[in-house]
Amino acid sequence: MKVLFLAAEATPFVKVGGLADVAGELPPILRAMGADVRVVLPFHEMLHAEAISIDYCKEVQLKYPHGQETARLFLAEKGKDQVYLVDGDPVRNAPNVYGEPGADAHKFNFTFLAAMEAMRELDWQPDILHAHDWHAAPAVAWLTAVREKDPFWKPVASLLTIHNLPYMGAGGEAAMERYGIPPSSHPNLPYWARHLPLPIGLASADWINTVSPTYAQEIQTPAYAHGLEEILRIRADRVVGILNGIDVRQWDPATDPSIPVNYWRETLPLRRQGKHVLQEQLGFRQGPRVPLLSMISRLDYQKGVDLALAALAVVEDEQWQFVLLGSGDRELEGRAKIFEETYQDRARVVLRFDAELARKIYAGADMILVPSRYEPCGLAQMIAMRYGCVPIVSTTGGLKDTVVDYGVEGSSTGFLYSPNEPLHLSRTIRTALRIYSDQRRWRGLQLRGMAKDFSWERSARQYLNLYQKARRERQKLYEGRYNFS
């Protein structure tokens, strides 16, 4: 099984969002299962400063209807991880990973179309083109347009993964035209979407997947589809939900060097020491009986930070401490600082990205709030459970798929609530605080959460099954259409 993996970012080379975790952590697991996966990224400027080994491979001429551009292919290695990097003027003209939409679209179109031409020149024919989000969606549309007349690409099947549907590549229309990718004429696409990268990819991909089963269903409804529900419903038999995983070796409280004390299920009482250290670091009154709530998130309307602050204000009569870690929207940052000033004896707001503090919070807080308005998958709740931090989550997307509500006898791992409003969240917080007072029941929630399997191995097996299905289907069509013997 040969898979060409196209993404804008991938750990450990470059990370801005959750896409990097998938593109960085899934391919090594697929390789361990026998697949030949080759990951391609743009040669972002920041990669020049990274401590990685970079070797020049070859030069490629990318031809398009109105001219051609020179692309240079490099092979980069960092430890056991390996990716291809594509360099050229369009990449250098958009130095940030994400920036101005038009320049970004030019960079990504150039990168991934050049990568496909490079694979041809390297005589490495993939079975699957696996493209991620709007950045790589044009490559799917290009493949669909050329493979019927190009022997190299005829047997190749395509899979487009949606990590966040609202980001469709608006501003990329001119880049699509430049590289000869025509607008879609699919009758179930609204007219406004026919020139945008992601919708064009959705209309042309052989298979589509999202990063959780529930989100795969949600995006077929008007509430979550952002105007694309018709195309997604008409292609429902092509839409699959595969839950993201986490790197369970990286996220392991038994070995994590960033936390004050290591522990596991059998030594769970040791976790209290981590809580004490965290309380001290945050300037809180120390004590195991005071419940410590947390939120680790990008400050964005999607993530429901405003809902969390409003709900905590409703339960101000309860005993709790709260820490918020993250940055983002300036208005939300301002509201968070006002909240901290209002509850200065028991609320701390840390407006920055701090990976080490995040780990201490996972290992020391009693609960984590994830009140997302929509959540394709979400990683915070999975990491938190692995560290014995009990999640309180809205009933949407991957949150619904990963957390078992307290009302489910014998298998609960956290608390779910719906609808996603401050009043309902505050009621659920009250319930969680009440259960917390009974440490026997609380310990059961922690232990069941820590025992859940969120490893990438589970997800990788599902991707391999989908790859095999797509390959068989494409091969059958290819042989049936082109076997003239």
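Nothing in this text is a laboratory measurement; each read-out follows from the coordinates by a stated rule. In this text, all values refer to a predicted model and were calculated from it rather than measured experimentally. As a convention, Cβ positions derive from the backbone with ideal geometry for all residues, glycine included, and neighbour counts pool all protein chains shown.
Across all Cα pairs in segment 137-235, the calculated P(r) in 10 Å bins from zero up to the longest distance comes to 16, 49, 29, 5, 0 percent per bin. Computed 3J(HN,Hα) for segment 430-447, one whole-Hz value per residue from the Karplus formula 6.51 cos²θ - 1.76 cosθ + 1.60 where θ = phi - 60°, is 4, 4, 4, 5, 5, 5, 4, 5, 9, 5, 5, 5, 5, 4, x, 4, 4, 5, glycine and proline marked x.
Measuring against 31 Å, Cα to Cα, the residue pairs K303/K360; K107/K400; K15/K275 contain K107/K400 as the ones spanning a longer distance. Our Cα-only numbers for segment 386-485 put the radius of gyration and Dmax at 21.4, 75 Å. Quick one: Debye curve from the C-alpha atoms of segment 265-453, no solvent, what's log10 I(q)/I(0) at q = 0.12, 0.14, 0.16, 0.18 Å⁻¹? For the requested q values the scattering log ratios are -0.50, -0.70, -0.94, -1.25. Just so you know, the averaged projected area of the alpha carbon convex hull for segment 268-319 sits at 4.7 nm². Relative protection proxy for 78-87, 300-309, from highest mean packing down: 300-309, 78-87 (other beta-carbon atoms within 10 angstrom).
Counted by Cβ distance under 13 Å from R235, the other residues give a net charge of -2, where Lys and Arg count +1 and Asp and Glu count -1. Report note on the peptides 197-206, 67-76, 210-219: ranked by the mean count of other C-beta atoms within 10 Å, highest first, their order is 197-206, 210-219, 67-76. Would you mind checking the tilt of helix 456-482 against the longest principal axis of the Cα atoms of the chain, expressed as 0 to 90 degrees and rounded to 10? That helix lies at roughly 20 degrees to the long axis. Each of L62, L466 has some number of other Cβ atoms within 10 Å of its Cβ, and from fewest to most they run L466, L62. Computed on the chain, the Cα convex hull volume stands at 151 Å³ per residue.
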